[in-house]
Amino acid sequence: MKTEFPNARVSVLWQGNVTDGKEYAGCRDAFISTRHLKNSGGSNNYGGKDHLWVGPYGGSHRTLIRYDLSMLPKERIVKRAVLRLHMYNSGRPGLVSMHRVLRPWGAGSGGADQEYKGGRHTNGQDWQHIARPPIEGECSWSMSARTATWAGPGCGKAGEDHEEASVSKARFNSKEAEGKSNRQPARYWINWDVTAAVQAWVQNPDQNFGLLLRLAGKAQTECRFHSAEYNDPVYRPRLVIAYE
């Protein structure tokens, strides 16, 4: 970006990154899921998990992510903003649709102390879904923040929960994959151009409710990304912003 916009300042926001002597802690993310919906008496909060999920796996999964941009003054002009997520499986990210969220939600910390420790299942649940029901202010498939429901389950109603138009298409190069999963390329970065959304949020901070990642139409694929809670900070979600 510095080459493309030589007069711009570039900020890279990711959980735990130190810039100008300050550690960034403003990324909030969570996936929401219908898996174990009946067993949990509602739906669980997965805000503390070390991964984000879009697609099917015994249910539907969608991802929510938001960055605090309060460090950027309103008069800043955003030249380019790119959201980067590290996908670690062999999904098809081109089928993932990204939308601006239109209502507040709480990421929560469900599953934070229940990560993978070498066993595939615990109490009949796979380790990737071990969590708990949401507490006050936390999101789930049913609720944007406990006591407040989505207009449509899973942040699902266009025009009320999320914008109908997608933000941008995923850009990636699977030839840059660091390995394979099911004999397909895996572990590589996916980029989305979120310039317009970030510029709008800088000018109107009270409208920053982040982004929703979901499958487009009737698409079928599983895409799993490392979250802001992932133990290796190198692979946490990144928002790269060039501004003047």
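Quick notes
Here's the yes/no breakdown for (1) without any contact (Cβ under 8 Å) to a residue 40 or more places away in the chain; (2) of a type outside the set (A, V, I, L, M); (3) closer than 16 Å to G210 by Cβ:
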{"position": "E136", "(1), (2), (3)": "yes, yes, no"}
{"position": "S142", "(1), (2), (3)": "no, yes, no"}
{"position": "A145", "(1), (2), (3)": "no, no, yes"}
{"position": "A170", "(1), (2), (3)": "no, no, no"}
{"position": "S174", "(1), (2), (3)": "yes, yes, no"}
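- Residue among Y243, Y188, Y230, Y235 that alone is surrounded by 13 or more Cβ atoms within 10 Å (Cβ to Cβ), more than 24 Å from R92 (Cβ to Cβ) and among the aromatic types (F, W, Y): Y243
- Output for the range 175-192, where each listed residue is outside any loop (DSSP other than H, G, I, E, B), touching a strand residue (DSSP E or B) at 6+ places or on another chain (Cβ under 9 Å) and not hydrophobic (A, V, I, L, M, F, W, C): K175, E176, G179, K180, P185, Y188, N191
- When the test is whether a residue is of a type in the set (F, W, Y) and modelled with pLDDT of 95 or more, W150 passes it.
- Qualifying residue in the range 194-214 (condition: more than 27 Å from K79 (Cα to Cα) and under 19 Å from the mean Cα position of the chain (by Cα)): no
- Scanning the range 4-16 for residues that are over 16 Å from S70 (Cβ atoms) and either free of Cβ contacts under 8 Å to residues at least 40 places away in the same chain or polar (S, T, N, Q) (or both) yields P6, N7.
The values are calculated or read from the model by the stated rules, or taken from the named source; none is laboratory data. Everything quoted here is computed from the prediction, not taken from an experiment. Note that we place each Cβ from the backbone using ideal geometry, even for glycine, and neighbour counts take in every protein chain shown.
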